[in-house]
Amino acid sequence: MSPVFPMLTVLSMFYYMCLRRRARTATRGEMNSRRAIESNTRALPINVEIVQYAKEVLDFSSHYGSENSMSYTMWNLAGIPNVYPSSGDFTQTAVFRTYGTWWDRCPSARLPFKRTPSTFCSQDYVELAFEEPVYPTAVHILETYHPGAVVRILACSANPYSQNPPAEVRWEVLWSEAPTRVNGPQARQFTPCIKQINFPTNLIRLEVNSSLLDYYTELDAVVLHGVKERPVLSLKTSMIDMNDIDEDEDEEKYGCGMDTLNKQFSIVTLREWPTNGYFDKLPYELIQLILSHLTVPDLCRLAQTCKLLYQHCCDPLQYIHLSLQPYWARINDTSLEYLQSRCTLIQWLNLSWTGNRGAISVSGFSRFLKVCGSELVRLELSCGHFLNETCLEVITEMCPNLQELNLSSCDKIPPQAFNHIAKVGSLKRLILYRTKVEQTALLSILNFCSELQHLSLGSCVMIEDYDLIASMMGAKCKKLRSLDLWRCKNITESGIAELASGCQLLEELDLGWCPTLQSSTGCFTNLARKLPNLQKLFLTANRSVCDTDIEELAANCTHLQQLDILGTRMVSPASLRKLLESCKDLSLLDVSFCSQIDNRVVLELNANFPNVFIKKSFTQ
């Protein structure tokens, strides 16, 4: 036998597994275009179907609304519909924070992680609890404005109302699909064809991607249909599509499940071949480059083929940038333990959405960072509800080179814990959106982290005096380029003046839903004159914005690319024309609910300035 033949055989097997995986993950479980078994797996009518609306919203990644209100918040998804079947922009619906690609095209945009699987496209999520655990037969999502954002529906084996937490929490994908553009913003009932699962559930998770939407998607209610007893499938299943094979079972068959990410790497009883085929002739660096295009599960698979590739798959250079967010449902302490030896050189780490419901412990997270934190530059921990003060203390002690820290929606961290962040003087980006950070801790952070360039304080409701915070920023954070003050309730013209005078490098400023700012004080005029580098300015829902403000922006902020003046009553078409003529780079202009800007004006402006997306929302 040729010495090359065994290696080629192994590579052929690996190639075959990859083809199967690609076929599975395209539209696994939803049978949208390939309905090979849909008509042959009808549940026999042995149960009465239970229909129930969501009882409670348990968790979510973001929302447009305030933490102290019901308008545009995820909490509107609980209970019966408030709006459906009406279409339009209604405050009684659930709305996520972003839409389109605008947030990826501004100064605060973050670079994506390499190796993110093409099948993972989720940007936000919401988890809903229902009264009765059932075997799902259908999920209805009532979308009332700009539908089409939902890309995955999952079910959980854990009962959120049980007094005894399960030893193992399992998530199963009921349906998934790549983002699609829906024609028109009208309301619809979205009922995808879901996969049957082998456990009852009363916890449903929706994941969304709004990148193809022209405006914010609005959800009104979710209806879960199901039966109490497990349905019995008919035996007519002669035609089975590869896409409908359960991924978990298939991964168990090939021994590469992401449940541990680990034991496959630790296998040393690999069969020894006389040679490694042509791979022996390739430079080490070239093999490393080839493997850098594989996802983490693919590295797990490939590591089992031969000792040479095992060595390459375990090389810490393969884990300089590591995102575990796509595998959030399967990451646990054991996963982190087995990854430790391979992440000693890691610089970017994404653990967003992971570790909830006991999957990652404080001790497990701490052990990992003590081994792998020394070179860490970027750490993403969005929605990490396992985080506490001990975790933040470990981060500040074990990550001396940290420059970017994302704690978005980590609402379980106690207020006093944020004081530890002030020890990381090298920070350039800090995201504290929807956290419980208090004023004293934030002042300390601003005082010691003078290298900050990007800061998000959106929906931080425990800060008492934003004017004092703005004054400290102006004095200490001279390099600030982007600032998110979304829904801060008490900043005034005094704080804006201090901010504009001290942070003149600002390119992005979000002052949406800041009710204490009034145009009559000259605060917006002052901003326009002091911040000529502005590319993005959100003045959402500030009804006092007037023609003078728009004309000052046109005269001084010629690099402006995104402007949101939703809700103002004082801006005329004439001032908007001046703005559009002056700001040649303008690409987004939101004039929704601007009383002087009707649909006729929008059509006229669109005709004269076709490169600008001019949004005019409506309510029916």
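Using alpha carbon centroids, what distance separates the stretch 399-478 and the stretch 56-114, in Å? Going from one Cα centre to the other spans 24 Å. Based on C-alpha pairs under 8 angstrom that are at least 6 apart in sequence, the stretch 536-575 has a relative contact order of 61 percent. Extending 7 Å from the Cα toward the beta-carbon at both Glu229 and Leu317 defines two label points whose distance is 6.1 nm. Note on Gln340 and Asp411: their simple-model spin labels are 3.4 nm apart, each label 7 Å out from Cα toward Cβ.
Shown are Glu218, Glu229, whose ranking by accessible area with a 1.4 Å probe and every protein chain present, most to least, is Glu229, Glu218.
Within 10 Å, count the other beta carbons around each residue, average over each peptide in 574-587, 601-614, and list them highest first.
The most tightly packed comes first, giving 574-587, 601-614.
For the stretch 390-406, putting each phi into the Karplus relation 6.51 cos²θ - 1.76 cosθ + 1.60 with θ = phi - 60° gives couplings of 4, 4, 5, 5, 5, 4, 5, 7, 9, 10, x, 9, 5, 10, 10, 9, 10 Hz, in residue order, rounded to whole numbers and with x for Gly and Pro.
Taking a straight Cα-Cα cut-off under 30 Å and skipping sequence neighbours fewer than 8 places away in the same chain, the lysines within cross-link reach of Lys616 are Lys489, Lys530, Lys536, Lys578, Lys584.
Net charge within 14 Å of Phe130 by Cβ-Cβ distance, Lys/Arg positive one each and Asp/Glu negative one each, not counting Phe130 itself?
After counting each charged neighbour, the total is -2.
Count Lys and Arg as plus one, Asp and Glu as minus one, and take only other residues whose Cβ is under 11 Å from that of Leu322; the net charge is then +3. Note on Lys423: lysines with a C-alpha under 24 Å away, same-chain residues under 8 apart excluded, are Lys370, Lys412, Lys436, Lys476, Lys478, Lys479. Rolling a 1.4 Å probe over the protein heavy atoms gives the stretch 319-463 an accessible area of 31 Å² per residue. Taking all protein chains together and a 1.4 Å probe, the residues Tyr215, Tyr284, Tyr327 rank Tyr284, Tyr327, Tyr215 from largest to smallest accessible area. Placing a pseudo-label 7 Å from each Cα along the Cα-to-Cβ vector at Arg569 and Gln504 gives an inter-label distance of 3.8 nm.
Using a/c under 1.5 as the rounded threshold, could you call the stretch 506-549 rounded, prolate or oblate? The axes a ≥ b ≥ c are square roots of the C-alpha gyration tensor eigenvalues, and prolate needs a/b larger than b/c, oblate otherwise. Here the stretch 506-549 falls in the oblate category.
The values are calculated or read from the model by the stated rules, or taken from the named source; none is laboratory data. What you are looking at is a predicted structure, and each value in this text was computed from that prediction instead of being measured. Here the Cβ is made from the backbone with ideal geometry for all residues, glycine too, and neighbour counts use every protein chain on show. Ligands, DNA and RNA are stripped out before the accessible areas are found, and what is left, the full protein with its side chains, is counted by its heavy atoms. Shrake-Rupley method; radii C 1.70, N 1.55, O 1.52, S 1.80 Å.
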